[in-house]
1. Of VAL13, VAL46, VAL101, which is the most mobile in a GNM of the chain whose springs link Cα atoms less than 10 angstrom apart?
2. Suppose every Lys and Arg Cβ carries +1 and every Asp and Glu Cβ carries -1, with no other charges. What dipole size does the chain come out with about its Cα centre, to the nearest 20 debye?
3. What span do the alpha-carbon atoms of region 5-92 cover on each of the three principal axes, reported in whole Å from largest to smallest?
4. Please list 3J(HN,Hα) in residue order for region 106-123, calculated via the Karplus relation 6.51 cos²θ - 1.76 cosθ + 1.60 where θ = phi - 60°; whole Hz, with x for glycine and proline.
5. For the pair GLU94 and LYS149, what calculated FRET efficiency results from E = 1/(1 + (r/R0)^6), where r is the Cβ-Cβ distance and R0 = 22 Å, to the nearest 0.05?
6. Consider the candidate values [x] 14.2, 43; [y] 15.0, 43; [z] 22.4, 78; state which one is Rg and Dmax of the Cα atoms in Å computed from the structure displayed.
7. Leaving ligands and nucleic acids out of the surface, order MET80, MET133 by accessible area at 1.4 Å, largest first.
8. Once Rh for region 59-135 is found with the Kirkwood sum over Cα pairs, what is the Stokes-Einstein diffusion coefficient at 20 °C and 1.002 mPa s, in µm²/s?
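The values are calculated or read from the model by the stated rules, or taken from the named source; none is laboratory data. In this text, all values refer to a predicted model and were calculated from it rather than measured experimentally. Cβ sites come from the backbone with ideal geometry, for glycine too, and all protein chains shown count toward neighbours. Ligands, DNA and RNA are excluded from the accessible area calculation, which covers all protein heavy atoms including side chains. Shrake-Rupley method; radii C 1.70, N 1.55, O 1.52, S 1.80 Å.
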Amino acid sequence: MILVSACLAGKPVRYNGTPATDTIVEQLIAQKKAISVCPELLGGFVTPREPAEIVGGNGYDVLDGKARVIEYSGTDVTNMYIEGAARALAIANEQDVDLVVLKENSPSCGSNMIYDGNFQGVKQSGAGVTTAMFRRAGIRVISELELEKELAGV
């Protein structure tokens, strides 16, 4: 089973209330080969919500207590991100997920790139909180940008 970010499945759950629909993900959902979750909603957030970025590192650093997830207004929402990641991981384990496809650039779901924590639109290499938790649990995570090649066996 494949677990995917709910926004990629066409659900308007991103911070600004929009989806990030990916047609391949929609096909996988329709074929019952994938299930969708939104770690941020699982952590207690609502849509829309303030944008947030990881300050002081990446998702691994957040899990290790060395970095925080902060909203644009300055509110620390680290615990909500960790809670959402843990709930998403529990679902992945229940559903025997072996591949996860998460939305790139997100402080929760980014697998290769995240924003740098300065709210200036600058990206840096790094993983989000949910990606870090999944990878530490031994579950492979890719972004939607890698999905087509993955399914083609490239």
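1. Greatest mean-square fluctuation among the candidates belongs to VAL46.
2. Values: 14 positive and 19 negative charges, 25 e Å.
Result for the chain is approximately 120 debye, rounded to the nearest 20.
3. 40, 25, 20
4. Coupling constants for region 106-123: 6, x, 9, 9, x, 10, 10, 9, 9, 6, 7, x, 10, 6, 10, x, 8, 9 Hz.
5. Working: r = 28 Å, r/R0 = 1.27.
Taking R0 as 22 Å, the efficiency between LYS149 and GLU94 is 0.20.
6. [x]
7. Working: MET80 65, MET133 35 Å².
My answer, sorted largest first, is MET80, MET133.
8. On the way: Rh = 12.6 Å.
So the translational diffusion coefficient is about 170 µm²/s.
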